[in-house]
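> Please see the structure below; I have some questions.
The values are calculated or read from the model by the stated rules, or taken from the named source; none is laboratory data. Predicted model, so just to flag it, every value in this text is computed and none were measured. Counting neighbours? That spans all protein chains shown, and the Cβs are built from the backbone with ideal geometry, glycine included.
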Amino acid sequence: MKILSEDKIVVEVDEIYAAEVDAADLSRAITATLLAEERLEGEATLLVTTDEEVAAYNQQYRGVEGPTDVLSFAAQEPTPGFISAPEMANYLGDIVVALPFTRRQAAALGRRLADELRLLAVHGTLHLLGYDHAEPDEEAAMWARQDAILAGLADSG
């Protein structure tokens, strides 16, 4: 497994996908999202892995069968009977991306894989920060933030 750790952002890529994934770009996308949301002390981990691993998480934690593009597991959501350690106060959580699913999705949408991965890194980070898209107004707010952050990344890249 290839691991990139830039200060407080860790990007882990399954070895079989290492040649396809620019871990530094994904770390920049997460960092840009945290900066845009003024979460300067935020920490997160992103894992790029198989459809099968994401499908297992999707079933276990959401009760949904099959893989999806991205899952976010916020560390700061209250869990009954669990108290977070004080040193983990800035740890926002984990983002898990299914690379084969994402590759197919990017192709279907006519996007480059790198662009789709960057979008998912931003999207997953916004979920860790409390954004959601279950309701139309939430979706509009989340998509607007996502688009603004991605535009900023394109301007700086």
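> With respect to the numbered conditions (1) at pLDDT 95 or above; (2) touching a Gly at 6+ places or on another chain (Cβ under 9 Å); (3) surrounded by fewer than 20 Cβ atoms within 10 Å (Cβ to Cβ); (4) within 20 Å of Thr31 (Cα to Cα), which one is the sole condition not fulfilled by Phe73?
Exception for Phe73: condition (1).
> Now for a different question. For region 3-34: of the residues being under 18 Å from Tyr91 (Cα atoms) and loosely packed, with under 13 Cβ neighbours inside 10 Å, which is modelled with the highest pLDDT? Don't jump to the end; show me each part of the working.
The first filter runs over region 3-34 and keeps only residues under 18 Å from Tyr91 (Cα atoms), leaving 3-12, 26-34.
Next cut, loosely packed, with under 13 Cβ neighbours inside 10 Å only: 3, 5, 7.
Values: Ile3: 50, Ser5: 47, Asp7: 70.
Of everything passing the filter in region 3-34, Asp7 is modelled with the highest pLDDT.
> Can you work out which of the residues in region 46-66 that are in a strand (DSSP E or B) and either of a type in the set (Lys, Arg) or touching a Leu at 6+ places or on another chain (Cβ under 9 Å) (or both) is nearest to Tyr91 (Cα to Cα)? Steps first, please.
Restricting attention to region 46-66, the residues satisfying the condition of being in a strand (DSSP E or B) are 46-49.
Applying the additional criterion that residues be either of a type in the set (Lys, Arg) or touching a Leu at 6+ places or on another chain (Cβ under 9 Å) (or both) yields 46, 48-49.
Numbers: Leu46: 12, Val48: 19, Thr49: 21 Å.
Applying the filter and picking the extreme gives Leu46.
> Can you find a residue that is at pLDDT below 95 and loosely packed, with under 13 Cβ neighbours inside 10 Å anywhere in region 88-109?
Scanning region 88-109 turns up at least one residue that is at pLDDT below 95 and loosely packed, with under 13 Cβ neighbours inside 10 Å.
> Here is a follow-up. Go through region 1-43 and give me each residue that's aliphatic (A, V, I, L, M), in a strand (DSSP E or B) and either within 13 Å of Leu117 (Cβ to Cβ) or in contact with a helix residue (DSSP H, G or I) (Cβ under 6 Å, 6 or more places away or on another chain) (or both). Show your work before the answer.
Start the filter on region 1-43 by keeping residues that are aliphatic (A, V, I, L, M), which leaves 1, 3-4, 9-11, 13, 16, 18-19, 21, 23-24, 26, 29-30, 32, 34-36, 40.
With the extra rule that they be in a strand (DSSP E or B), the set shrinks to 3-4, 9-11, 13.
Once the filter is applied, which keeps residues that are aliphatic (A, V, I, L, M), in a strand (DSSP E or B) and either within 13 Å of Leu117 (Cβ to Cβ) or in contact with a helix residue (DSSP H, G or I) (Cβ under 6 Å, 6 or more places away or on another chain) (or both), region 1-43 yields Leu4, Ile9, Val11, Val13.
> Which members of region 123-155 meet the condition of being in contact (Cβ under 8 Å) with a residue 24 or more places away in the chain, in a helix (DSSP H, G or I) and not basic (Lys, Arg)? First the steps, then the outcome.
Of all residues in region 123-155, those in contact (Cβ under 8 Å) with a residue 24 or more places away in the chain come to 123-130, 145-146, 148-150, 152-153.
With in a helix (DSSP H, G or I) added as a condition, the list becomes 123-128, 145-146, 148-150, 152-153.
If the condition is that a residue be in contact (Cβ under 8 Å) with a residue 24 or more places away in the chain, in a helix (DSSP H, G or I) and not basic (Lys, Arg), then His123, Gly124, Thr125, Leu126, His127, Leu128, Gln146, Ala148, Ile149, Leu150, Gly152, Leu153 are the ones that fit.
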